[in-house]
1. Mean-square fluctuation check for the chain, GNM, Cα pairs under 10 Å: which of Gly136, Gly56, Gly171 is largest?
2. Report, by chain and number, residues whose modeled amide H sits under 5 Å from the one on Gly62, excluding near sequence neighbours (fewer than 5 apart, same chain).
3. Quote the charge dipole size of the chain about the Cα centre in Debye, to the nearest 20; the model charges only the Cβ of Lys and Arg (+1) and of Asp and Glu (-1).
4. For the chain, compute Rg over Rh where Rg is the Cα radius of gyration and Rh is the Kirkwood radius from the inverse mean 1/r over Cα pairs.
5. Could you list Ile3, Ile47, Ile67 so that the one with the fewest beta carbons within 10 Å of its beta carbon is first and the one with the most is last?
6. Pick out, in residue order, every one of the trypsin sites (Lys or Arg not before Pro) in segment 159-235 that is DSSP loop and has at most 11 other C-beta atoms within 10 Å; say none if there are none.
7. Apply the Karplus parameterisation 6.51 cos²θ - 1.76 cosθ + 1.60, with θ equal to phi minus 60°, to every residue of segment 76-87 and state each ³J(HN,Hα) to the nearest whole Hz, in sequence, with x for glycine and proline.
8. Skipping prolines and chain starts, which residues have an amide H placed within reach, meaning under 5 Å, of the one on Val131, given they are 5 or more residues away or on another chain?
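What follows is calculated from the coordinates using simple rules that are stated; it is not laboratory data. Keep in mind the model is a prediction, meaning the values are calculated, not measured. Note that we place each Cβ from the backbone using ideal geometry, even for glycine, and neighbour counts take in every protein chain shown.
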Amino acid sequence: MKIAPHLHRLGNDVVASYLVELPEGITLVDAGLPGHWTDLLRELKAIGRPLSDVRGLVLTHGDSDHIGFAERLRTETGAPVFVHAADAHRARTGEKPRTPMGPARLGPMLGFLAYGLKKKAVRTRHVGEVVEVADGDALDLPGRPVVVGMPGHSPGSIAVHVPAVDAVFVGDALTTRHVLTGREGPQPAPFTDAPEEALASLDRLASVSASWVLPGHGAPWHGTPAGVAAAVRAA
């Protein structure tokens, strides 16, 4: 789905990843669930670009609903997969601490699980090889993505700022639709390792200049990072 010029979303408000399309190539941010591979191929066909135009994939963190087709992309195309050093082990093994589930409603929770089954979540492959990045890195990929450290949801959670498309991709640093309650609007994401640290990291997001804030779950936010950070704190 096209969001804005050169900017596309794969998936939906339940689980989403993103495609940045520029003349020099394509950068992907997050890989959703394994079944989103079909969404990727469909979107590439719609914009008339081959899979070989994908230059790399940047993960906002290493959780299973963000690494979905990453290993398939890496092995079939050779495109590198970038992840913060503090989440590299999680992306390669799936190991993570148990976190409290928090509030939930039966309908939205079942919908999340059903969507995961539809998109082959049980077949998620961990990433065999990653390129580790750090806060402040500007990556040699289309759009020159800049890594913004956002620890809290996981130790290596990042935002990915791509000035070329006036967007910042935030993974689970926040959500605009809670997958367990169905509540819409900016708010803290569930399954967060360190909630207080995640809230503190919003200060870093607020300093970014962009017109689009794009989460891994929920609708795109067309507004400033400072505005969405304030809304999350208010929630």
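1. Gly136
2. Amide H to amide H, under 5 Å and 5 or more residues apart or across chains, Gly62 pairs with nothing.
3. Values: 23 positive and 25 negative charges, 170 e Å.
Using Cβ point charges on Lys, Arg, Asp and Glu, the chain gives about 820 debye.
4. Numbers: Rg = 15.9 Å, Rh = 17.2 Å.
Reported Rg/Rh (Cα atoms, Kirkwood Rh): 0.92.
5. Working: Ile3 16, Ile47 13, Ile67 30.
If I rank by nearby Cβ atoms, fewest first, I get Ile47, Ile3, Ile67.
6. Working: sites: Arg177, Arg183, Arg204, Arg233; in loops: Arg183.
Passing sites in segment 159-235 do not exist.
7. Values per residue, Gly and Pro as x: 8, 10, x, 5, x, 10, 9, 8, 4, 3, 6, 10 Hz.
8. Hits under the 5 Å cutoff: Val81, Phe82, Val83.
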